[in-house]
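Worksheet: the structure to be examined is printed underneath.
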Amino acid sequence: MTKIKVLLVDDEPSFVETMVKRLHKRGLEMLTAFGGQEALALLDSDDTIEVVILDIRMPGMDGMQTLKEIKGRHPLVEVIMLTAHGTVESGIEGMKQGAFDYLLKPCDIAQLLDKVTEAAAHRRQHQERIYKARIQTITLRKP
Amino acid sequence: MAPKRSSRCTVLAVDDNLNTLEVIKRNLTPAGYEVVTCAEVPAAVRILEEQPIDVLITDYKMPRHDGLELITHAGENYPDLGMIMVTGYPSIDGAVQAVKSGADEYLAKPFTETELLAAMEKVTDKLARRRQARAAVPLPGDFGILGCSQAMQAVFRLIDKAAAMTANVLISGESGTGKELVARAIHYRGARSAAPFVSVNCTAIPESLLESELFGHVKGAFTGAKEDRAGYFQIADGGTIFLDEIGDASLNLQAKLLRIMQNKEFFRVGSSQICKVDTRIIAATHKNLQAMVEKGLFREDLYYRLNIIDIPLPPLRERREDIAILVNHFMSEFCREMGRPSITLSDRALQALGVYAWPGNVRELENLMQRLVVMVDGPQVAVADLPPAMRFTIRSLPGEMRTLSQMEADHINAVLESVGGNKSRAAEILGIDRKTLREKLKKQTGAN
């Protein structure tokens, strides 16, 4: 089984540093970005990233906007929203936009690890289904 | 007050609090919704089974089974259902779980009439979009089939001709040549396009069930026939039924198909009452039906009734000029689906595909492209990324000075490898009989 490659996106350097250390210790391959634009650039250049852990409140492009962009450009990447400022509305919005889950800070590391593993398994299953599936209809015009 | 809806939308409201049910009914009925209510999950499950429901509104906390279980059950069994979760105990976790389980909207109690109507509006809009997407049919002019070769141009002309008529059609071609796509193209380009297109694979349904599946049955016709059921011919009334692999239909079924073609009538299993239908038949086969007729395995009268318009589909090896177009099409489709940047094939890889025998035809090429999009990491597919049977064909690429017999031997081996050593299949592709192939292989062994 290959290591799960995770991108952690948060504008707080100390939080990023601690989380990367702890998740790396538990067997995850970690990449980091300090904002939405940087995260998107990384995802555009590396299609082996499977899961993104995404903060919501960030300067510039916020987490919700970043989520929309990620799901638009890389629909198979699973996104876990992680926020200290959770609300029912943003929880619903995040899930409707295609987030895999929505967690609140401070988050238990074991719970986060479980969610990341679930998300990666979901992505791999999805990929496998696409691999096996046969396109039923093709809608190309006659040349 | 909200304007009345033009089309009837049925709402099932589930809550153990009767006051809430009353509020929902009072708010939605004047707006044109038909509201059915119940106070517990098992009753809701029964109602969903028994009558068509468009939107489910359910409370979260209820005794015995909660609303989340109901939402999960309904989402799995009724993909066309809109769902709203209401709760007196709103929480982030509850909202996330509800949406994750399939709820389209989440409302906290007490809600106002405006909030409820707004949520209903959002759900019904989403539902309409979902249904529209599902019912989307190929646009006029779309054949769903791709090719610039002469052979495919002839097929396109036949599709046009068949679409303009109502006569039965027989499509013949090897596996993977796109017989069902042609049948769909004929249906959706013709006058029957608004009526159903029903596809039946005669080999996928056990012989014992085929008759009841095609013609339907009445309650009590056999053990397990608990209610009347319409068959595919009835479902396709006014439209088209596509009978794939008709060459595998038993003589008994052939007799019944002949009757329906001659008289446009049939009996449901267990019934003596005649049913009338107007269903166009498009049949397909990979077998040589004429040869089967000569051997007495296929009814001659049925063959002539089916074969009014004959559309033979060329195998991919006979339209190699289409391979590059198909490769580009499938590559871009799969890359988009996978959300990865597009990849291309190296010239030599494309050349290798150009000389490969393609026993599985377009479907084999499509599956290979899907596999390459998943497996190849870089921006370009090299010969080394191709399966061994295809890499082998690279030996026969131009540039090397070889004798005719060497080329023949290589080609024979490549074809044999591509069909997993099946000599009959290889001989068919090579256009020689099995005996000749055996002799050529023997000669090869002797030369080596």
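Some observations on this one:
- Restricting attention to the range B:341-365, the residues that are within 14 Å of another protein chain (Cβ to nearest Cβ) and either touching a residue at least 40 places away in the same chain (Cβ under 8 Å) or part of a strand (DSSP E or B) (or both) add up to 6.
- Evaluation of B:L146 against (1) part of a loop (DSSP other than H, G, I, E, B); (2) surrounded by fewer than 18 Cβ atoms within 10 Å (Cβ to Cβ); (3) not small (G, A, S) (one fails), failing number: (2)
- Single residue of B:Q153, B:Q97 found to be assigned to a helix (DSSP H, G or I), at pLDDT 90 or above and open to solvent by 40 Å² or more (accessible area, probe 1.4 Å): B:Q97
- Residue count for the range B:270-302, restricted to those that are surrounded by 14 or more Cβ atoms within 10 Å (Cβ to Cβ) and either at positive phi or at pLDDT below 90 (or both): 4
- Restricted to helices (runs of 4 or more DSSP H) entirely inside the range B:286-339, those with at least 1 residues that are out of contact with any Phe, Trp or Tyr (no Cβ under 9 Å at 6 or more places or on another chain), aliphatic (A, V, I, L, M) and within 14 Å of another protein chain (Cβ to nearest Cβ) are B:323-338.
- Only listed residue being open to solvent by 30 Å² or more (accessible area, probe 1.4 Å), facing another protein chain (nearest Cβ under 9 Å) and assigned to a loop (DSSP other than H, G, I, E, B), chosen from B:P110, B:P90: B:P90
- Of note, B:M390 does not satisfy the criterion of being surrounded by 14 or more Cβ atoms within 10 Å (Cβ to Cβ) and either within 14 Å of another protein chain (Cβ to nearest Cβ) or modelled with pLDDT of 90 or more (or both).
- Only a single criterion out of (1) closer than 16 Å to B:G190 by Cα; (2) modelled with pLDDT of 90 or more is not satisfied by B:I171, namely (1).
- Single residue of the range A:74-99 satisfying the filter (touching a helix residue (DSSP H, G or I) at 6+ places or on another chain (Cβ under 7 Å) and charged (D, E, K, R)) that is farthest from the other protein chains (Cβ to nearest Cβ): A:E78
The values are calculated or read from the model by the stated rules, or taken from the named source; none is laboratory data. All figures in this text were calculated on a predicted structure; none of them were measured in a lab. FYI the Cβ positions are ideal-geometry reconstructions off the backbone, even for glycines, and counts take in every protein chain you see. Surface accessibility is based on the protein's heavy atoms, side chains included, excluding ligands, DNA and RNA. Shrake-Rupley method; radii C 1.70, N 1.55, O 1.52, S 1.80 Å.
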